[in-house]
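Shown next, in C-alpha cells, is the structure this report addresses.
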Amino acid sequence: MTGEVIRASRQSALRYERQRPGELVHVDVKKLGRIPPGGGWRANGRGTRPGSKRRIGYDYVHSMVGDHSRFAYSEVLGDETGPTCAAFLRRAAAAFAHAGIGRIG
C-alpha cells in the first residue's frame with residue numbers, strides 16, 4: 001500500500017526476476033464453467049434442469065502479470081479465440097502503460 005518495493009532477504013536458487021518492469025510478462029487464460037441462476041448441480045442435483053434447452057457454457061479469465069513489478073491486469077471474456085486474445089493483449093498493454101510500464105517485451 002505504501003508503494004515501497006518488497007524483496008525477500010534470502011535469495012533462492014530457483015527464483016528469477018527481470019531487472020526492468022515490462023521486460024517479461026506472463027499471459028494466461030483460465031476456463032471457468034458458468035453457474036446458472038438458482039445454483040448449480042450441488043444445489044439442484046445432477047438431473048436436467050427444468051426448461052433447460054442448452055448448456056450454460058464457460059467464461060474465460062484472461063490475465064497478464066508483470067514479472068518484475070507483479071502488476072496484474074485481468075478481464076473475463078466470452079471466448080479464447082485469436083482475435084479476442086489479441087484485443088485483450090492490446091488493452092492489457094494500455095493498462096500497463098497507464099501504470100507507468102510503457103514498454104512490454
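Structural remarks
- Counted residues, region 80-105 - those being free of Cβ contacts under 8 Å to residues at least 40 places away in the same chain, open to solvent by 60 Å² or more (accessible area, probe 1.4 Å) and under 20 Å from LYS30 (Cα atoms): 4
- If the condition is being part of a helix (DSSP H, G or I) and touching a Ser or Thr at 6+ places or on another chain (Cβ under 7 Å), then region 50-105 contributes no residue at all.
- Scope region 66-78; condition surrounded by 13 or more Cβ atoms within 10 Å (Cβ to Cβ) and within 16 Å of the chain's Cα centre (by Cα); matching residues: GLY66, ASP67, SER69, PHE71, ALA72, TYR73, SER74, GLU75, LEU77
- Subset of region 67-99 (residues that are at pLDDT 90 or above, over 30 Å from PRO37 (Cβ atoms) and of a type in the set (Gly, Ala, Ser)): GLY82, ALA86, ALA92, ALA93, ALA94, ALA95, ALA97, ALA99
- Of the listed requirements (1) within 25 Å of GLU80 (Cα to Cα); (2) of a type in the set (D, E, K, R); (3) modelled with pLDDT of 75 or more, ARG55 misses just one: (3).
The values are calculated or read from the model by the stated rules, or taken from the named source; none is laboratory data. Just so we're clear, the structure is a prediction, and the values are computed from it rather than from any experiment. Cβ sites come from the backbone with ideal geometry, for glycine too, and all protein chains shown count toward neighbours. Areas reflect the complete protein model, heavy atoms only, side chains present, ligands, DNA and RNA absent. Shrake-Rupley method; radii C 1.70, N 1.55, O 1.52, S 1.80 Å.
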